[in-house]
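S.K.: Encoded as structure tokens, here's the structure I'll be asking about.
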Ligand code: RNT
Ligand code: ZN
């Protein structure tokens, strides 16, 4: 035990907080680590460049260019991340080995190398995302809502294929697989018809969900968005559209905290949805002025998100995934910094005297509630984090190892 922890433990105990319990709880909360931070969301299936209203900026040296490089980078980054981890894959990371096959025909064999990798490095499960961007069949910016029937069908088939692959992941990993549907569909300028694309999207989703799949193993989610680059005026998959759709069909909503109006917060949406849904999925990101997908840092909103998960005993209900991509700094460092920030936010929330705070609110002692909420901000959180890292057998300093990896591996690419 480190000496900082001794002090922290006693201080927290004086507020009625059990640090041991917090550490043990944190170890059990899985975080799904996105594969796409490693290669600037380019993918392995030949698209070459990113499109669909999302963008990476920067060209820091050492981007992973193939499956082996991505796995090596990911393995290194994962080794520096404490806690339980899952792998969040996009369909564009299919390992095709030269085979001429399009996304509507992808099958489990194209992802078998990822299962092998996930098992080798001890991941808890795999989550999956159909990739409906960076592809020639995104026609006029549309996929599942396209008026071109052959385009719409192609993407429906792609999503069905993804659900089947998800069943395979769930089977092999012995853990559920979240399939998250996000589409870039929308218009740069004022459309003449806002309803028809949504009706087509609804029809497409109905068709996708009509296949027989194991609903305990595969959790299908829909991710809404307010706008994208070049898609500023209208987004087919809006919040209201997907939330109603998910409620009606008994599927899951995925909330990406970069996807709402600037003063709307996901932390407040979590308890709203918990009143209706058994599962909620998250894409944790950090938007700076827009949905910029900056690396997650320990900032206020991430703490609020973590509080809502912890306070509502929803660590099993809220599926936490990361979604950011920074190409301007060392990509491994970006990965680790963001994952650790999420873990720190969760630990911070676990270390609050949540029952006491709630009791103050419920009994209307709001002056005292404010005073206590301010006081706990000064508690020695760092001492508990240090101890957690020690028990997880990862160093506090991850930068030195990454710097060395940069010299030995990334620098030679
Ligand atoms: C885009 C969405 C989507 C993607 C990833 C790559 O705005 O957030 O989730 O970022 O799927
Ligand atoms: Zn997202």
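The values are calculated or read from the model by the stated rules, or taken from the named source; none is laboratory data. Quick caveat: nothing in here was measured; it's all calculated off a predicted structure. Glycine gets a Cβ as well: all are built from the backbone with ideal geometry, and neighbour counts include every protein chain shown.
S.K.: Residues to consider are 364, 383; find the one that is touching a helix residue (DSSP H, G or I) at 6+ places or on another chain (Cβ under 6 Å) and modelled with pLDDT of 95 or more. Step through it out loud before you land on a result.
M.R.: Numbers: 364 fails: touching a helix residue (DSSP H, G or I) at 6+ places or on another chain (Cβ under 6 Å).
That would be 383, the only listed residue that is touching a helix residue (DSSP H, G or I) at 6+ places or on another chain (Cβ under 6 Å) and modelled with pLDDT of 95 or more.
S.K.: In addition: Here are some residues: 246, 272. Which one is away from ligand 2 (no atom under 15 Å from the Cβ) and over 24 Å from residue 88 (Cα atoms)?
M.R.: On the way: 246 fails: over 24 Å from residue 88 (Cα atoms).
Answer to the check: 272.
S.K.: May I pose another question? Within the stretch 283-302, track down each residue that is on the phi > 0 side of the Ramachandran plot and either within 15 Å of the chain's Cα centre (by Cα) or within 16 Å of ligand 2 (Cβ to nearest atom) (or both).
M.R.: First pass over the stretch 283-302, keeping only residues on the phi > 0 side of the Ramachandran plot: 289, 293.
Hit for the stretch 283-302 is 293, nothing else.
S.K.: May I pose another question? From the set of residues in the stretch 225-247 that are crowded, with 21+ Cβ neighbours inside 10 Å and within 19 Å of residue 207 (Cα to Cα), which is farthest from ligand 1 (Cβ to nearest atom)?
M.R.: Among those that are crowded, with 21+ Cβ neighbours inside 10 Å and within 19 Å of residue 207 (Cα to Cα), it is 246.
S.K.: Check 305, 280 and return the single one that is touching a helix residue (DSSP H, G or I) at 6+ places or on another chain (Cβ under 6 Å), within 21 Å of residue 220 (Cβ to Cβ) and within 15 Å of ligand 2 (Cβ to nearest atom).
M.R.: Values: 305 fails: within 21 Å of residue 220 (Cβ to Cβ).
280 is the lone residue from the list that is touching a helix residue (DSSP H, G or I) at 6+ places or on another chain (Cβ under 6 Å), within 21 Å of residue 220 (Cβ to Cβ) and within 15 Å of ligand 2 (Cβ to nearest atom).
S.K.: Go over the candidates 62, 98, 122 one by one and state the one that is surrounded by fewer than 21 Cβ atoms within 10 Å (Cβ to Cβ), part of a loop (DSSP other than H, G, I, E, B) and touching a residue at least 40 places away in the same chain (Cβ under 8 Å). Spell out how you get there, then give the answer.
M.R.: Working: 98 fails: touching a residue at least 40 places away in the same chain (Cβ under 8 Å); 122 fails: touching a residue at least 40 places away in the same chain (Cβ under 8 Å).
Exactly one residue qualifies, and that residue is 62.
S.K.: Within the set of pairs 6+ apart or on separate chains, which have a first residue in the stretch 185-199 that is touching a residue at least 60 places away in the same chain (Cβ under 8 Å), a second that is surrounded by 11 or more Cβ atoms within 10 Å (Cβ to Cβ), and C-beta atoms under 7 Å apart?
M.R.: Final answer for the pair search is 186/141; 186/228; 186/231; 186/234; 186/235; 186/236.
S.K.: Can you report the number of residues in the stretch 165-213 which are closer than 20 Å to residue 319 by Cα, within 16 Å of ligand 2 (Cβ to nearest atom) and not in a loop (DSSP other than H, G, I, E, B)?
M.R.: So the answer is 4.
S.K.: Among what's in the stretch 259-289 and is in contact (Cβ under 8 Å) with a residue 60 or more places away in the chain and within 12 Å of ligand 1 (Cβ to nearest atom), pick the residue that is nearest to residue 29 (Cα to Cα).
M.R.: If we filter the stretch 259-289 for residues that are in contact (Cβ under 8 Å) with a residue 60 or more places away in the chain, which is where we start, we get 279, 281, 283.
Right, trim to within 12 Å of ligand 1 (Cβ to nearest atom) and you get 281, 283.
On the way: 281: 13, 283: 15 Å.
Here the answer is 281.
S.K.: Is it fair to say residue 360 is without any contact (Cβ under 8 Å) to a residue 40 or more places away in the chain, closer than 20 Å to residue 15 by Cα and buried (at least 18 other Cβ atoms within 10 Å of the Cβ)? Break it down stepwise before answering.
M.R.: Details: without any contact (Cβ under 8 Å) to a residue 40 or more places away in the chain: yes; closer than 20 Å to residue 15 by Cα: yes; buried (at least 18 other Cβ atoms within 10 Å of the Cβ): yes.
Against the criterion (without any contact (Cβ under 8 Å) to a residue 40 or more places away in the chain, closer than 20 Å to residue 15 by Cα and buried (at least 18 other Cβ atoms within 10 Å of the Cβ)), residue 360 qualifies.
S.K.: Sticking with this structure for a sec: Being modelled with pLDDT of 95 or more and closer than 30 Å to residue 355 by Cα: is that true of residue 83 here?
M.R.: Details: modelled with pLDDT of 95 or more: yes; closer than 30 Å to residue 355 by Cα: yes.
Yes, satisfied.
S.K.: How do the pairs read when you match residues in the stretch 245-258 that are closer than 17 Å to residue 226 by Cβ with residues anywhere that are in a helix (DSSP H, G or I) and away from ligand 2 (no atom under 12 Å from the Cβ), using Cβ under 6 Å and keeping only pairs 6 or more apart or on different chains?
M.R.: So the pair list comes out as 253/243; 253/246; 255/269.
S.K.: If you take the residues in the stretch 111-129 that are under 8 Å from residue 86 (Cα atoms) and within 16 Å of ligand 1 (Cβ to nearest atom), which one is farthest from the chain's Cα centre (by Cα)?
M.R.: Within the stretch 111-129, the match that is farthest from the chain's Cα centre (by Cα) is 126.
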